[in-house]
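What follows is a single structure, written as structure tokens, with notes after it.
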Amino acid sequence: MDASVQECPGVGRLSRTASPAAITEAAARLRRGEVVAFPTETVYGLGALATCGEAVRRVFAIKHRPVDHPLIVHLASAQWLDDWARDVPPAARRLAQAFWPGPLTLVLPRQPCAADVVTGGQDTVALRVPAHAVARALIEAAGALVAPSANRFGRLSPTLAAHVEEQLGAEVDMILDGGPCTVGVESTIVSVLADGPALLRPGGITVAQIEALLGQQLGRGSPAVRTPGRLASHYAPGTGMEVLPGDELRQRIAALLGQGLRVAVMTLQCAPSSGAALERVQWHQMPAEAAEYARVLFATLHELDKAGFDRLLVEAPPEQPEWLAVRDRLARAASSGAPA
Ligand code: TXA
Ligand code: MG
């Protein structure tokens, strides 16, 4: 047994490599109303059968998520779309055809099988077909699954089975380990309702990709639509975090070191080769390309969060549109007053 396992006795207990046999067992558990965490291409999801009210309520309880914050229903294929949504407009069909399976969630008027417990009482339902082979095999075998990110409400999203185990291991019935998530940030959420297509959450599919397909700009969504991913504070590490321009990093580091604090820095630059104070700082160089940065973002935050620094400084990524989802997650992670 290696040192990390000894330090963290729960790790490895519930996680099972997502073999065909493990997927079959997970599907049987889900059909019995159990809660199973599973990999998607974006982040790990906390799965329950979307048609089992009791299991869905347990998902809210495990996450400590307010019950009026709706869940995404995960489907095995776009052919299930009309079972869950009604009056599907042509724009939604085009989006589904172009980006499913993949990291896009569509908010549409709901069919009756999307119960209040899933939609938070709203008359709409959020739907997505994940691209991860394990997720699709599981949904195919079990049926449509609700799956919020498998973290406590407001905390860092999991991109490894170990992240789920650390946060929720005591409460879930099984964790399917499908390795690291390849997209690394949650799906893009687009509502396609009477007020036209609108962006509710930036994510794995860029706004440019969606606008190019639709030939129109996305709106910003009605404030009446509840989307907790839009809370100012979300996706937060326990360590205090600040996002600041690259040219302000050195001054801020010096100020924090002056207060005797231990500092980690997530930067796009190389670690400086000189400077006495800077040698007492842990530098972590992030990828220079947006999709690659997104892929490792949460895993890096989990690592640095566990390392016991007093403060985490993050160099603000570029302003270009392809960085929207990364900037969104960083801003919310750095926002103070995170819900526990
Ligand atoms: O990539 C993802 O979407 C991941 C993986 C596991 O699929 N799931 C995920 O779920 O991020 P969750 O619960 O952490 O975020 C779901 C978001 C929330 O912001 C919620 O408000 C929004 O979807 N949502 C769900 N139903 C909605 C609805 N009817 N109207 C508006 N927003 C909705
Ligand atoms: Mg989430």
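The values are calculated or read from the model by the stated rules, or taken from the named source; none is laboratory data. This one's a predicted model, so the numbers in the text were calculated from it and none came from an experiment. Here the Cβ is made from the backbone with ideal geometry for all residues, glycine too, and neighbour counts use every protein chain on show.
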Candidates Leu231, Leu249, Leu199, filtered to the one that is of a type outside the set (S, T, N, Q), at pLDDT below 95 and within 20 Å of the chain's Cα centre (by Cα): Leu231
Complete set of residues in region 277-330 that are out of contact with any helix residue (DSSP H, G or I) (no Cβ under 7 Å at 6 or more places or on another chain), without any contact (Cβ under 8 Å) to a residue 40 or more places away in the chain and of a type in the set (Val, Ile, Thr): Thr300
- request: Could you list, in sequence order, all residues of region 147-174 that are of a type in the set (Val, Ile, Thr) and within 13 Å of ligand 1 (Cβ to nearest atom)?
  value: Thr159, Val164
- line: Reported set for region 276-302 where residues are exposed (fewer than 13 other Cβ atoms within 10 Å of the Cβ) and modelled with pLDDT under 95 is Ala276, Glu279, Arg280
query: Among the residues of region 269-281, is there at least one that is within 27 Å of Arg201 (Cα to Cα) and either over 24 Å from the mean Cα position of the chain (by Cα) or among the β-branched types (Val, Ile, Thr) (or both)?
result: no
- prompt: Which of the residues spanning region 9-59 are within 15 Å of ligand 1 (Cβ to nearest atom) and of a type in the set (Asp, Glu)?
  reply: Glu41
